[in-house]
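The values are calculated or read from the model by the stated rules, or taken from the named source; none is laboratory data. As the structure is a computational prediction, the values presented were derived from the model and not from experiment. A quick note on method: Cβ atoms are made from the backbone with ideal geometry, for glycine too, and the neighbour counts reach across all protein chains shown. SASA here: full protein model, heavy atoms, side chains in, ligands and nucleic acids out. Shrake-Rupley method; radii C 1.70, N 1.55, O 1.52, S 1.80 Å.
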Amino acid sequence: MSLWTVMYSAIRRAHILARKRTIVQPSYQHAAPVFDLQRSCHGKLYEMAPANSSKYMPTAKQVFFKSVKYDTSTSGTLLDWQKQSDIDKHMSKDPCRLMTKEPGKQPAEDPCEQFKRMRLKNDPKQCPPSGSAAPDGGDGCNGKDSGDPNKSLKLTCLLGALAAMVAGGLIAWFLASTKNDDNKGAGGGSDGDNNSADAKRGVSGLVTSPDSSEKLPKHVPYLIIGGGTAAFSAFRSIKSNDAKAKVLIVSNEYHKPYMRPPLSKELWYTPNTNEKTNKDYRFKQWAGSERSLFFEPDEFFVDPEKLEESVNGGIAVAQGFSVQKVDAQNHTVTLNDGYKITYDECLIATGCAPKNLPMFRDAAPSVREKVMVYRTPDDFDRLLRYAAEKRSITIVGNGFIGSELACSLAHYSKENDGGKIYQVFQESGNMSKVLPNYLSRWTMAKMKNQGVCVIPNASIKSATRDEESLKLELNNGMTLLSDIVVVCVGCSPNTNLASPSKLEVDRTLGGFVVNAELEARRNLYVAGDASCFYDPLLGRRRVEHHDHSVVSGKLAGENMTGAKKPYVHQSMFWSDLGPEIGYEGIGLADSSLPTVGIFALPSATDARSSTDNLTVNREEDDGSKHTIIVDEKSNSDVVTWDDDAHGEQPDYGRGVIFYLKNEKIVGVLMWNLFSRVGLARTIINQNKKYDDLNEVAKLFEIHS
Ligand SMILES: Cc1cc2nc3c(=O)[nH]c(=O)nc-3n(C[C@H](O)[C@H](O)[C@H](O)COP(=O)(O)OP(=O)(O)OC[C@H]3O[C@@H](n4cnc5c(N)ncnc54)[C@H](O)[C@@H]3O)c2cc1C
């Protein structure tokens, strides 16, 4: 295993141990100083009270196993069933509290309306809500005919104004589309027109390194397309098998290789995060130590112009260039400016690019400039600026990045007395593609508890611009005023290269089709998010996770140096949603599969008081089937319950969820349960039917 992989694993492990300690130990405040950061971010729950006050110092048991009761007597949305748990009362105010609809009572005023009113009060230039305001704050508000007799003068003025507006619009369009394409490019997006993106980059002042492709070597033994995690992992692996290897990375980003996970998590929890002073993107790891987002400092890399003559080899990064075509037959890549480089071995590690929604992509420039996607340090900088200015931010999407970011922003906002954080999505709960419905809704309640105003079952019908912000009309009748919208609706593999290079893309999953050795063609490999590989156990797959990019990059690197090994490793993934939720998963964690979730309650007494020991096998509207089991600490019997029938459900504090296909375990999710990935991997690899999943769950020691 390479040094940085070991390092990252150690970091992750430290994080896990720190988290485990914080979560499991009630008296975490006595934890060693190494867990200080853990305390300040994950331990935020406890900051409500002075250090040695017992009044508001809930034990871990109280925090993690307190039952949240949902009122299922009224139907429908989050607003109907989200009632404040005791935890809420102690910890934070409900960010959507004003929207809560008590049975029999009129709903209180929508906070968005309040917000809107405040805005209008503060900004007399804006149109009245019912008026026919021009969305971009133009003449719509004040443009009534004044009855001026000097019509020709007025006409001249009008024409002049019109011409100015058209010219202004064109300039704004040009700038906005430049920004947009930069975003795409920087986000790894090769789905745009690379040539025009490059031309616009030139205009916006981003310079390539080296300044001309002519300065790049004409031939390299190892060439890697893309400068992300898989690329860097491959370099490490090549280097450990071929000590003097000369590796050239061609990246369309303007950064050296870096890791992405802290962008939506740790960076937001690092005190004094300031883009001006933090150009290295240093962040505090959960375990307390500090590091940079970049895998290695600049000095680690060889100047691309000097790679050929470097006696000991090394890695050089050509920044700001994109590869447009690979000629696998002739071992040649062509860059966006037509420059050609030949190689002995080549790896495609182009990752994926965040998707946008058509309604934003096709919107007017004034709207588009208030909409962003999120994948790069530049995106972080931009969002941080908004957050620091206490702006209101709307996240669209309920997946990993959207949910993590919403939590992190809510945390940042709380710490800095910042703006409102909304999360809008069509589904009924957070992370619904991964979490069974009951857990997804539970998680949503926790997110709300952390200060995110979560708006489920909603989509954005229209977005218009007023002077300062975007007015978002939702299909549920709500209106949000937001200073920026962050679209987090998944990403698409960067496969633009495929067609000119005559490489196959998987029609269903996307990504370059590769064999088990990660080869698309001879001497041409694909790793990371962009690869669609054959998993001998679970079939053809494409995985968008850090560990997969590390492991597949490593294997590709080995194979590029002659190993010819198949990819059989089950990679893992993880996510952290604020202080109370962290999980790790492996295999097919797909909520449309039948699941069995086994959760720990701390004692029989707690279980009985909160659940009445009943039922449950659930069948969701989408047809997916989920069994929920509460395993009491006594271990004697297993209790289940029906939350629909009893209007109650327990606190899914900690547990394990098995995902089943043909009755075999194909995926495992460890919920607030860490350091068990190896065990889960072994179970999946056994590829067999288990008669009693409770017995399997016992191996996970969910009570420890
Ligand atoms: C904010 C965020 C948080 C995340 N958190 C987690 C997490 O907690 N856990 C987890 O498991 N995973 C997480 N992920 C996912 C993980 O980071 C990715 O799976 C991983 O980065 C993929 O690595 P990659 O090398 O395949 O692609 P990337 O890291 O995307 O790198 C691909 C590179 O190729 C470049 N490129 C694309 N096309 C071309 C071209 N034609 N020519 C030259 N260069 C090109 C791109 O610009 C990019 O630099 C997160 C992702 C994001 C964005």
Using a basic spin-label model with each label point 7 Å from the Cα along Cα→Cβ, how many nm lie between S675 and D337? 5.3 nm
Treating the beta-carbon of each Lys and Arg as +1 and of each Asp and Glu as -1, no other charges, what is the dipole magnitude of the range 245-327 about its Cα centre, to the nearest 20 debye? 440 debye
Heavy-atom accessible area with a 1.4 angstrom probe orders S292, S428, most exposed first, as S428, S292
Counting only residues 5 or more places away or on other chains, whose amide H sits under 5 Å from the amide H of G314 once H atoms are built in the peptide plane? A245, K246, V247
Whole-percent carbon and sulfur share, accessible surface of the range 366-490, 1.4 Å: 44 percent
Here FRET efficiency (C-beta to C-beta, D381 to K664, R₀ 60 Å, nearest 0.05) is 0.85
Sparsely packed trypsin sites (Lys or Arg not before Pro) within the range 219-318, loop by DSSP, other Cβ within 10 Å at most 16: K244, K276, K279
When ranked by the protection proxy of mean other Cβ atoms within 10 Å per residue, highest first, what sequence do the peptides 391-398, 354-361 form? 391-398, 354-361
Work out, step by step, the length gained on full extension between E415 and R361: first 0.36 nm times the residue separation, then minus their alpha carbon distance; give nm to one decimal. 16.2 nm
Largest first, what is the accessible-area ranking of D417, D378, D483, D337 with a 1.4 Å probe? D417, D337, D378, D483
Starting from the residue with the highest accessible area, list R507, R375 in decreasing order, probe 1.4 Å. R507, R375
Mind ordering 247-254, 663-670 by average Cβ neighbours within 10 Å, highest first? 247-254, 663-670
Size of charge dipole - the range 366-490 - debye, nearest 20, with Cβ of Lys, Arg +1 and Asp, Glu -1, no other charges: 360 debye
Any idea of H703's accessible area? Nearest 10 Å², probe 1.4 Å. 40 Å²
Rounded to the nearest 10 Å², the accessible area of K554 using a 1.4 Å probe with every protein chain kept is 60 Å²
About its Cα centre, the range 356-421 carries a charge dipole, from +1 on Lys and Arg Cβ atoms and -1 on Asp and Glu Cβ atoms, whose size in debye to the nearest 20 is 160 debye
Which length gain, in nm to one decimal place, applies between H569 and D344 when the Cα-Cα distance is subtracted from 0.36 nm times their residue separation? 78.4 nm
Which one, L267, H255, S322, is farthest towards the positive end of the dipole of the range 252-347 when Lys and Arg carry +1 and Asp and Glu -1 on their Cβ? L267
Rounded to the nearest angstrom and ordered from largest down, what semi-axes does the equivalent ellipsoid of the range 366-490 get from its C-alpha gyration tensor (root of 5λ)? 21, 17, 13
